[in-house]
Structure formats: C-alpha cells, structure tokens
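The values are calculated or read from the model by the stated rules, or taken from the named source; none is laboratory data. Being a predicted model, the structure only gives us computed values, none of them experimental. Neighbour counts are summed over all protein chains in view; Cβ atoms, including those assigned to glycine, are modelled from backbone coordinates with ideal geometry.
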Amino acid sequence: MDHNSSSRRASILVSAFALFLLPSLACGSSTPEVIPPTSEGAPQAGAQAEPTEAQQEPTSAPPTEPAPAGSSRSSPAPVGSQVKVGDITFSVTEVVSPADDIVRQGNMFNSTPVPGSHYLFAKITATCNLSADESCNLSGFEFSLIDSAGVVHDAEIFVAGVPGTFEAGDFFGGATKEGYLVFTAPEGDERLILKYEELFGGEAYLALQ
C-alpha cells in the first residue's frame, strides 16, 4: 500500500468519525434545561402579599333608610294603627287567639286545625274615603296571614255559624264595615302579620301582636 492510499484511508476515517460525533453534540445541546424558580421576589412564609386593586375591600355603602311602617313584611304597622291603601282606611281592632272553641261551637262540621295550629280571629274595621255617592268594595279575600316563618295563610271561608265574621260587599263613602277574618295559625307564634293587597293596587302589612 502506497503512502497516498494510506492518507486517503486516514482522511475517510476522520471524516466518518466527525459525521458520527457532530449529530451527537447537536442532539445534546437541543434539550432545554429547566431552572427552578428562586425565592427572590416571592412572599416569605407568614408574610402578607400586598392586595391588588381588585382585591382591596370595597368601601361600605351608605346606610339605607328603613322602609315606612306598614309598607313591607319587615316593617309592619304597629298594633292598633290605621293604614290607608287606595280609597280605604282600615285597622285591626281585636285579635282572638286561640279561637278553636268558638269555631267548634259554631258548627259541628267545621274542620279541626291540623296539629300544631289553631284558629285565629282578626277583627278589621274599614272606612271608605270616597264621596257619599261613590262606593268601595271589600270581599275579605284581600287579606292573608303571614307567620314568622314566612308562610302565607289564606282566610278560612268554610267556617259556619260564627257570629260577627266579615261580610263581603260594597259600602259608600264615609261608611265603615267591620268583622272578623278567620285564619289558622301556628301555635305559639307571636310574630304574626296581617297582609292587605288590592286587586290592582297597593298593599299593607299590620302586626297582630
């Protein structure tokens, strides 16, 4: 083998080795190195981070004025007060509770309240505020009873033989009607409210106790 052949063979071996080595080096340099975050700039244990603008507590809203007495369940008219709604002024003048014996004596077929409840009479007095030639109308169905749990109780209409119950009908300006509305209410409830609601108008709330 001459010198030139040996030199060419050596060159081929060097070139082959270089082709094998370069891809290996390139492959190793393409893998990213993950650097864990340092503690610099992060809140230390037990330290409070400053709140951002969105996290800052909002300023307290100005206090709202309480609702006028009689205008809502949370602000009923005091016991014995008069309330004017539309063309009628009315008030509760008497509350009879319990009234089970009165209902039982009125008619043997009157139903017995469910356990835990009893009959209650609320006597209303209503005056029509129109002129003497105009009339108001009340049926009794405009009234309901709200107990302390927020449950609404409609007036009992199938109670017979009880004297003095409210009678539906018209009454002219200046005239006054009165009578008992009959409800069933939870026993021992001392936060009962009478609600009056016009068919196409306002409403009022009156405390019974």
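Please find, among LYS123, LYS195, the residue that is surrounded by 15 or more Cβ atoms within 10 Å (Cβ to Cβ), within 20 Å of GLY70 (Cα to Cα), among the basic types (Lys, Arg) and under 25 Å from the mean Cα position of the chain (by Cα).
The match here is LYS195.
Could you tell me whether the range 85-99 includes any residue that is more than 25 Å from ALA204 (Cβ to Cβ) and over 28 Å from the mean Cα position of the chain (by Cα)?
There is at least one residue in the range 85-99 that is more than 25 Å from ALA204 (Cβ to Cβ) and over 28 Å from the mean Cα position of the chain (by Cα).
Would you tally the residues in the range 160-176 being part of a loop (DSSP other than H, G, I, E, B), surrounded by fewer than 14 Cβ atoms within 10 Å (Cβ to Cβ) and of a type outside the set (A, V, I, L, M, F, W, C)?
Here the count works out to 4.
Looking at this structure, is ILE124 touching a Lys or Arg at 6+ places or on another chain (Cβ under 9 Å), closer than 30 Å to ALA149 by Cβ and modelled with pLDDT of 95 or more?
yes
Answer yes if at least one residue in the range 183-191 is surrounded by 16 or more Cβ atoms within 10 Å (Cβ to Cβ), part of a loop (DSSP other than H, G, I, E, B), modelled with pLDDT of 95 or more and not charged (D, E, K, R), and no otherwise.
No, that holds for no residue.
Restricting to the range 107-117, give me the number of residues that are within 19 Å of PRO163 (Cβ to Cβ) and buried (at least 17 other Cβ atoms within 10 Å of the Cβ).
Final tally of qualifying residues: 1.
Check the range 108-116 and report whether any residue there is touching a residue at least 24 places away in the same chain (Cβ under 8 Å) and not in a loop (DSSP other than H, G, I, E, B).
No, that holds for no residue.
Considering each residue of the range 126-149, count those that are within 29 Å of the chain's Cα centre (by Cα) and either more than 25 Å from GLY70 (Cα to Cα) or assigned to a strand (DSSP E or B) (or both), and give that number.
Summing the residues that are within 29 Å of the chain's Cα centre (by Cα) and either more than 25 Å from GLY70 (Cα to Cα) or assigned to a strand (DSSP E or B) (or both) in the range 126-149 gives 4.
From the set of residues in the range 73-104 that are without any contact (Cβ under 8 Å) to a residue 12 or more places away in the chain and more than 26 Å from VAL159 (Cβ to Cβ), which is surrounded by the fewest Cβ atoms within 10 Å (Cβ to Cβ)?
Per the stated criteria, the residue is SER74.
Would you call SER148 modelled with pLDDT of 95 or more, within 21 Å of VAL79 (Cβ to Cβ), in contact with a Lys or Arg (Cβ under 6 Å, 6 or more places away or on another chain) and loosely packed, with under 14 Cβ neighbours inside 10 Å?
When the stated conditions are applied, SER148 passes them.
Assess whether ALA175 counts as being of a type in the set (A, V, I, L, M), touching a helix residue (DSSP H, G or I) at 6+ places or on another chain (Cβ under 9 Å) and modelled with pLDDT of 95 or more.
When the stated conditions are applied, ALA175 does not pass them.
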